[in-house]
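What follows is a single structure, written as structure tokens, with notes after it.
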Amino acid sequence: MIDAKRKAIIFLTLSFLLAVATAGVILMQITEAQKKLGKTVAVAAAAKNIGSYREIKESDITWVELPETSAYESFITDEKELKEAISVVEIEEGALLTSSLVRKKLDIPENERVVWLNATEAVLIDQEVAEGDLVDLVVARNDENDNLVTERFLNNIRVVQVEEVKEGAPRVKIALSIEEAERVIHFQNSAVQLRVLRVNQASAG
């Protein structure tokens, strides 16, 4: 009888200690999570509208505090990244700046231009794309003999901006050389169909 009581006391004691230890671990995890949620990071944002291919000045920028957990790697958090930088697209006031929206002057080829890919009956964006994604452009067109030809004429083109619209698919901006931009604009106006295909960047490296 005494042995049974002793075993019961030992069992209850161990259970109590285990419960205390478990509660301690949970409290530590909750405290750590609260600390992480409480941390913020300063992210660069446009203090006013910034035109495309314009040098970014200190007066163009304001800094916004965001929770560290919601600050993406592409956001600009260091003012050094904005020194001698140029906007590659039009940036609206209040927009958060990312590495896809600005580049160092030396990183921008002199013959590069930004082109809109506006979704129409002839221009189809097959899959939703985001800023920084890579896309291929496939055109279906009539050749000089009026035969339908389908070909991929541009590949691994980086998306520099995506603009949501009230109706229909979003407008997508890509950066191209002048020669490539001329071809894209020509096909947008003359091709039977222009397809924008998102690249699987994992397989593309």
Can you confirm whether Ser100 is out of contact with any strand residue (DSSP E or B) (no Cβ under 9 Å at 6 or more places or on another chain) and either in contact (Cβ under 8 Å) with a residue 12 or more places away in the chain or in a strand (DSSP E or B) (or both)? no
Of all residues in the range 115-136, which are among the charged types (D, E, K, R) and open to solvent by less than 30 Å² (accessible area, probe 1.4 Å)? Asp133, Asp136
Right, Pro170: in contact with an Asp or Glu (Cβ under 6 Å, 6 or more places away or on another chain), modelled with pLDDT under 85 and either under 30 Å from Lys80 (Cα atoms) or not polar (S, T, N, Q) (or both) or not? yes
Mind listing whichever residues of the range 105-114 are open to solvent by less than 70 Å² (accessible area, probe 1.4 Å) and either of a type in the set (Gly, Ala, Ser) or part of a strand (DSSP E or B) (or both)? Glu112, Val114
Just one of Val115, Val139 is within 21 Å of the chain's Cα centre (by Cα) and closer than 19 Å to Arg198 by Cβ; which is it? Val115
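Suppose we keep only residues that are open to solvent by 20 Å² or more (accessible area, probe 1.4 Å) and either in contact with a helix residue (DSSP H, G or I) (Cβ under 8 Å, 6 or more places away or on another chain) or at pLDDT below 85 (or both) within the range 86-104. Which one would you say is nearest to Arg54 (Cα to Cα)?
Ile86
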Check on Val160, closer than 14 Å to Glu131 by Cβ and in contact with a strand residue (DSSP E or B) (Cβ under 7 Å, 6 or more places away or on another chain): yes
Wholly enclosed strands (runs of 3 or more DSSP E) of the range 137-205 bearing at least 3 residues within 30 Å of Gly51 (Cβ to Cβ) and open to solvent by 70 Å² or more (accessible area, probe 1.4 Å): 148-163
Is there a residue in the range 136-145 that is at pLDDT below 90 and closer than 28 Å to Ala95 by Cβ? no
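Go through the range 26-85 and give me each residue that's assigned to a loop (DSSP other than H, G, I, E, B), modelled with pLDDT of 85 or more and small (Gly, Ala, Ser).
Result: Ala47, Gly51.
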So which residues in the range 63-72 are open to solvent by 60 Å² or more (accessible area, probe 1.4 Å), under 21 Å from Val160 (Cα atoms) and in contact with a strand residue (DSSP E or B) (Cβ under 6 Å, 6 or more places away or on another chain), if there are any at all? none
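The values are calculated or read from the model by the stated rules, or taken from the named source; none is laboratory data. It should be emphasised that the depicted structure is a prediction, and the values quoted were computed from it without experimental measurement. Glycine also receives a Cβ, built like all others from the backbone with ideal geometry; neighbour counts cover every protein chain displayed. Please note that ligands, DNA and RNA were not included when accessible areas were found on the heavy atoms of the full protein model with its side chains. Shrake-Rupley method; radii C 1.70, N 1.55, O 1.52, S 1.80 Å.
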